[in-house]
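No value in this document is a laboratory result; all are computed from the given coordinates. Here the structure is a predicted model, which means the values were calculated and not measured. Cβ sites come from the backbone with ideal geometry, for glycine too, and all protein chains shown count toward neighbours.
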Amino acid sequence: MAMLYMSQWSNGDLWRDLMTGHLPGLDFRIHPETGDPAEIDAVLVWRYPLDELRNFPNLKMIASLGAGVDHVVGERHLIPQGVTLTRIVDPAMTVQMTEWCVMAVLNHLRRWDDYRAMQRERRYEELAVPRPDQTTIGVLGLGELGSDCARVLAAVGYTVRAWSRSPRSQEGLTCLHGTEAMQDFLAPCDIVICLLPLTQETRGIFNARSLSWMKRGAYIVNAARGAHIVEADLIAAIDAGQIAGATVDVQSIEPMPDDHPFWYHPRITSFPHVAALTVPESCTAGIAANYRRMQAGQPLQNVVDLERGY
Ligand code: NDP
Ligand code: OXD
C-alpha cells in the first residue's frame, strides 16, 4: 500500500524523507505521480483539489497537513464513506500561534506603531498605555491553540475570557459558551482574538452586528481564517471608530489580491498566513503513528468530526 502527498507546498521530497524515516519501507508518492490508485490507503493533504479521492478504493485515512480542516471539510462530499480525516495537533505549532497572538496584543497595547512613528519624528514622549490588569482579552475558541494562548495571556496579567461551543473551564479564565452567550462574552473585551475553526456556524462571525456588541475602541486579532470576518463590515466599523483596528494573519482571499483594502488600511496590520506554520520535522511522527494505528485497525488520534466541521 502507499501514502500519497497532495499539497500545494513544493516540499514533497522533505515529507518523503521524514515519513520514510518514521516508516521504513513506506511507499510514499507525490501527486500527480499517483501510480496504481488501488494502492493508496492514506493521503496527506494541504489545500489541494480533492476530486481524485473517489478514485482510491482502498483509502482509509486523510491527514490534513494543517491544524485547520476547512480545506477538506468544505469538500466533504468528495470524502468516501468510512475514511477518517485527521489533523495536526503539534506543540511546535501551538507555541508559534501563542507567540504570534502575544505579539499582536503587545504591539497594540504598548503602542509599537505610535512609538515607531514618534522615533521617525524625533519625539521623545510618553504615551498612555493600560496596565495589564486594566485590560480584558477575549479568546474565541478554547481548543488546542486558544487554550494555550489564553493561558499565556492570563499569566502576563490580563483579564482573560474564553468562548467555546460547549462548556469548558480553565484555571484563571472566565469561560462562556454557545451562541446565546456571545454578546455577553464580547461586551467587556478590549481585545478579541479569533482562534475558531471555520465552520458553517463561525463563518462571518465578526459582522456589523457582533462588532457593534463590542466596546467602542476594541481591537480585533484574527489568527484563524479570513472568512470569520465580514471584511467590509470590519473596515466600516474601524472607519466609524467603533473598532480601533485589527491585526489579521488571514484574509478572505489568500494571497490577497493587489486591490484588497487590507494592503493599505492604516489601522489594519496584515500578515500572509504565517502565524503558526506546520513543522514537518515535528508533526510527521504523529502522522506516522496514526498510519501504523490505521494498519493495525486501531482508532486514530486527532480525528476530525465531519458533522461538527472541526
Ligand atoms: P480546536 O478544534 O482544537 O479548537 C476549536 C475551538 O473552537 C474549540 O474550543 C471549540 O469549542 C471552538 N468552537 C468551534 N465552533 C464553535 C462555535 N460555533 N462557537 C463557539 N466556539 C466554537 O482547533 P485549534 O485550536 O487547533 O485551531 C483553531 C483554528 O486555528 C484552526 O481551525 C485554523 O483555522 C486556525 N489556524 C490558523 C493558523 C495560522 O497560521 N493562521 C495555524 C493553525 C490553525 P469546543 O471546545 O466546545 O469544541
Ligand atoms: C493551519 C494553518 O490550519 O496553517 O494549520 O492555517
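Can you give the relative contact order of the chain as a percent, counting alpha carbon pairs under 8 Å and 6+ residues apart? Walk me through the intermediate numbers first.
Working: 555 pairs, mean separation 51.8, N = 310.
The normalised contact order for the chain reaches 17 percent.
Could you work out how much longer the chain between S10 and A187 gets when fully extended? Use 0.36 nm per residue separation minus the Cα distance between them, nm to one decimal. List each step's numbers first, then the result.
Working: separation 177, 0.36 × 177 = 63.72 nm, distance 4.39 nm.
Stretched fully, the S10-A187 segment lengthens by 59.3 nm.
Pull out the extension gain between Y115 and S252, defined as 0.36 nm times the separation in residues minus the alpha carbon to alpha carbon distance; nm, one decimal.
On the way: separation 137, 0.36 × 137 = 49.32 nm, distance 3.04 nm.
So the chain would gain 46.3 nm between Y115 and S252.
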Can you tell me the orientation of helix 12-22 relative to the chain, as the angle in degrees between its alpha-carbon axis and the longest Cα principal axis, to the nearest 10? 70
Inter-label distance for H177 and V156, nm, one decimal - labels placed 7 Å from Cα along Cα-to-Cβ: 2.7
Can you give me the distance in nm between label points at W213 and V102, each placed 7 Å from the Cα along the Cα-to-Cβ direction? 2.9
Between 0 and 90°, nearest 10: helix 144-156 axis offset from the chain longest Cα axis: 30
Contour minus Cα-Cα distance for Y124 and D259 (0.36 nm per residue): 45.0 nm
Based on DSSP, what percent of beta bridges with both residues in region 108-264 are antiparallel, to the nearest 5? 0
CD proxy, 222 nm, the chain: helix-only mean residue ellipticity via -39,500 (n - 2.57) per DSSP H run with n ≥ 4, per residue, nearest 500, stands at -8500 deg cm²/dmol
Separation in nanometres of the label points that stand 7 Å from Cα toward Cβ, at A232 and Q301: 4.6
GluC sites (Glu not before Pro) in region 1-64 lying in a DSSP loop, each with at most 12 other Cβ atoms within 10 Å of its Cβ, come to E33
For the chain, longest principal axis from Cα atoms; helix 91-109 axis from its Cα atoms; angle between them, nearest 10 degrees, is 20
Roughly how many whole Å is it from the C-alpha centroid of region 202-220 to that of region 2-53? 41
Cβ crowding within 10 Å averaged over residues, with 229-240, 11-22 ranked highest first: 229-240, 11-22
Based on the Cβ-Cβ distance of R54 and A285, what FRET efficiency does E = 1/(1 + (r/R0)^6) give at R0 = 30 Å, to the nearest 0.05? 0.50
